[in-house]
1. When you go through B:166, B:213, B:220, B:185 one by one, which is the residue that is touching a helix residue (DSSP H, G or I) at 6+ places or on another chain (Cβ under 6 Å) and modelled with pLDDT under 85?
2. Filtering the range B:54-98 down to residues that are among the aliphatic types (A, V, I, L, M) and within 9 Å of chain A (Cβ to nearest Cβ), which residue is surrounded by the fewest Cβ atoms within 10 Å (Cβ to Cβ)?
3. What are the pairs with Cβ atoms under 9 angstrom where one residue, in the range A:19-46, is under 16 Å from residue A:218 (Cβ atoms) and the other, located anywhere, is at pLDDT below 85 and part of a loop (DSSP other than H, G, I, E, B)? Sequence gap at least six, or different chains.
4. Can you confirm whether residue A:174 is modelled with pLDDT under 95, more than 10 Å from chain B (Cβ to nearest Cβ), in contact with a helix residue (DSSP H, G or I) (Cβ under 7 Å, 6 or more places away or on another chain) and part of a helix (DSSP H, G or I)?
5. Against the definition (in contact (Cβ under 8 Å) with a residue 40 or more places away in the chain, farther than 21 Å from residue B:55 by Cβ and at the interface with chain A (Cβ under 8 Å from one of its Cβ atoms)), how does residue B:103 come out, yes or no?
6. Might you check whether a residue that is more than 9 Å from every other protein chain (Cβ to nearest Cβ), assigned to a helix (DSSP H, G or I), over 18 Å from residue A:163 (Cα atoms) and polar (S, T, N, Q) occurs anywhere in the range B:109-126?
7. Those residues that are aliphatic (A, V, I, L, M) and buried (at least 16 other Cβ atoms within 10 Å of the Cβ), I need them from the range B:110-154; list them, please.
8. Tell me which of these residue B:141 doesn't satisfy, since it passes every other one: (1) in contact with a Leu (Cβ under 7 Å, 6 or more places away or on another chain); (2) within 11 Å of chain A (Cβ to nearest Cβ).
Amino acid sequence: MDLLFRPFQYEFFSRALLVAMLAGLLCGVMGVYITTRRMSYIAHGLSHAILGGAVLSYVLQLNFYIGAGIWGFVAALVIQFLTGRKIYADAAIGIVTTASFALGIAIISTYRQFTKNFEAALFGNVLGVTPNDVWVVALVTLILLALVFIFYRPLLFWCFDRDVAKVHGVPVFAMDVLFALMLAAMLVTTLQILGVTLIISAIVIPASIARILSDRFGTMMIYAALLGAGISFAGIYLSYYFDVASGASVVLLSTVVFGIVLLWTNVKQRRKRRIADSHLL
Amino acid sequence: MLLALMHSSDRMEPLLEIKNLACGYQAQSVFTHVNLKLYPKQLSGLVGPSGCGKTTLIKVILGLVHPWAGEIWFRGQRLQPGASPPNVGYVPQVETVDWSFPVTAEEVVMMGRYRKHNVSPFPSKRDRQVARGLLHRVGIENLARSPIGELSGGQQQRVFIARALVGEPDIVLLDEPTSSSDLRVQHELLHLLAELNQQGLTILLSTHDLNSVATHLPWVICFNHGIIAQGEPTEVFTSETLERTFGGEMIVIHESDRILIASSLSTLRHQMQDNLPSILRQTHH
């Protein structure tokens with residue numbers, strides 16, 4: 001029993017579990033919007049773009065959350081602006097995000113003094129979060145969940161069919177801006193936990209598992225939130241015993257859960273089909 | 001007859017009026033000099049080949065595309081460019097819809113209640129009642145909880161028609177509602193639209209299908225980068241007008257209760273074998 005509770009004796013580990021659960025929950029909920037709008041590539045690209053903003057805020061001695069957040073929001077808007085002007089969305093994402101990422105690397109290579117921070121930004125450093133970081137993640141999670149609750153109907157309509165939503169009175173431009181803000185806020189606050197390279201898995205995998213399990217948007221959100229929080233908790237917890245990088249542990253665990261759910265639903269469907277066939281015969 | 005009277009008279013105020021409208025994308029013009037009046041309780045078809053600008057015209061009316069020039073008036077009020085009419089229903093082309101999206105038929109219909117009830121974050125009891133009532137009206141109440149992607153093409157169109165109606169609109173615009181349906185589904189949809197029109201709804205639908213759709217409508221607008229002609233099908237569907245609209249030779253035969261249109265004698269023979277009843281004209285009379 002002692003062995004099971006051993007990780008909790010370290011304050012930094014308990015803090016990491018809490019912040020990872022919050023981040024997993026938030027990424028799970030936002031992931032439902034991102035995957036159903038087929039925006040996974042945008043989220044992936046923006047997480048890279050934000051690195052440029054993060055490095056620049058460090059150099060200019062600005063607050064990380066504010067500097068990187070504004071940078072991410074502007075990058076999302078520029079992508080939206082470029083898309084449709086003879087440029088497809090994927091190309092616009094490629095241009096904006098790689099340019100921003102490259103800017104970050106260029107600054108890092110010039111200053112050569114924050115290699116460690118750069119690694120943390122790339123692969124995450126959940127065990128290094130401060131109590132202040134926990135408060136920021138908790139506050140942003142609370143605000144974003146409140147926004148999802150308040151704007152549930154217009155965001156759902158906007159997500160399903162933007163044109164028809166506009167005809168029915170949904171302020172679609174305001175929804176574009178609101179979602180870009182929410183996306184930037186989510187990425188900036190969770191970037192330090194999972195890192196630029198791994199964050200997309202926390203966004204995409206719980207939402208994809210939820211999609212396999214449900215055909216309803218609202219139910220998907222609940223499943224994705226619970227899965228995101230649960231997998232993050234279990235992933236970090238297991239990383240203690242297996243002595244692997246915490247971010248990688250979360251990603252690998254979520255992939256295993258995804259595989260199990262996929263297999264389970266396939267077997268269930270096959271069994272159903274077999275029963276239906278036997279009734280026909 | 002009634003519609004002919006409506007169009008010949010200036011005493012009835014049009015519900016929707018388009019004045020000298022022009023639109024295009026980049027530097028490419030799609031249509032110019034479009035003047036059109038739609039009257040209350042009118043059921044009209046916007047008829048023309050694919051790529052002639054029907055969808056763009058519908059999108060301009062809905063405020064989804066900015067016109068280059070011209071004015072749109074709704075109930076005597078001029079609409080700002082890019083503004084949607086205040087009370088309109090829209091059924092988009094099925095090709096533009098993501099059918100794998102995780103929503104049920106009932107949830108899709110309730111989206112259309114947004115303008116009526118947009119304060120609460122979630123649909124109210126009244127929203128659910130109205131949505132269920134409309135699903136019943138379009139004949140698929142038993143499918144309310146089915147995911148939208150699991151419905152057949154005809155059922156999906158009915159869900160979208162219910163969503164367009166659930167906000168109690170003055171007019172409904174349908175973009176190629178029968179394009180991907182078989183004859184039976186086309187028949188059912190036209191029947192449903194005729195019923196709704198008889199109950200007082202103004203409807204404008206676009207179609208490129210002459211024989212199975214356009215000839216059954218009481219009023220048609222032939223369109224190809226501008227309006228070629230408009231009126232009742234018996235008057236408008238002549239070889240000359242259809243050739244100007246569709247850009248090829250057309251054979252038109254007016255029988256006592258139907259019109260047969262074909263681009264060659266062999267296709268005309270197939271049309272003659274087709275006994276699709278003239279649903280709309282029958283219900284209209």
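The values are calculated or read from the model by the stated rules, or taken from the named source; none is laboratory data. Here the structure is a predicted model, which means the values were calculated and not measured. Cβ placement follows ideal geometry from the backbone for every residue including glycine, while neighbour counts extend to all protein chains displayed.
1. On the way: B:166 fails: modelled with pLDDT under 85; B:213 fails: touching a helix residue (DSSP H, G or I) at 6+ places or on another chain (Cβ under 6 Å); B:220 fails: modelled with pLDDT under 85.
Unique residue meeting the criteria: B:185.
2. B:97
3. A:33/A:39
4. When the stated conditions are applied, residue A:174 does not pass them.
5. Yes; evaluated as a whole, the condition is true for this residue.
6. Looking through the range B:109-126, none of the residues is more than 9 Å from every other protein chain (Cβ to nearest Cβ), assigned to a helix (DSSP H, G or I), over 18 Å from residue A:163 (Cα atoms) and polar (S, T, N, Q).
7. Answer for the range B:110-154, where residues must be aliphatic (A, V, I, L, M) and buried (at least 16 other Cβ atoms within 10 Å of the Cβ): B:110, B:111, B:130, B:131, B:134, B:135, B:138, B:140, B:143, B:144, B:148, B:151.
8. Only one criterion is unmet by residue B:141, namely (2).
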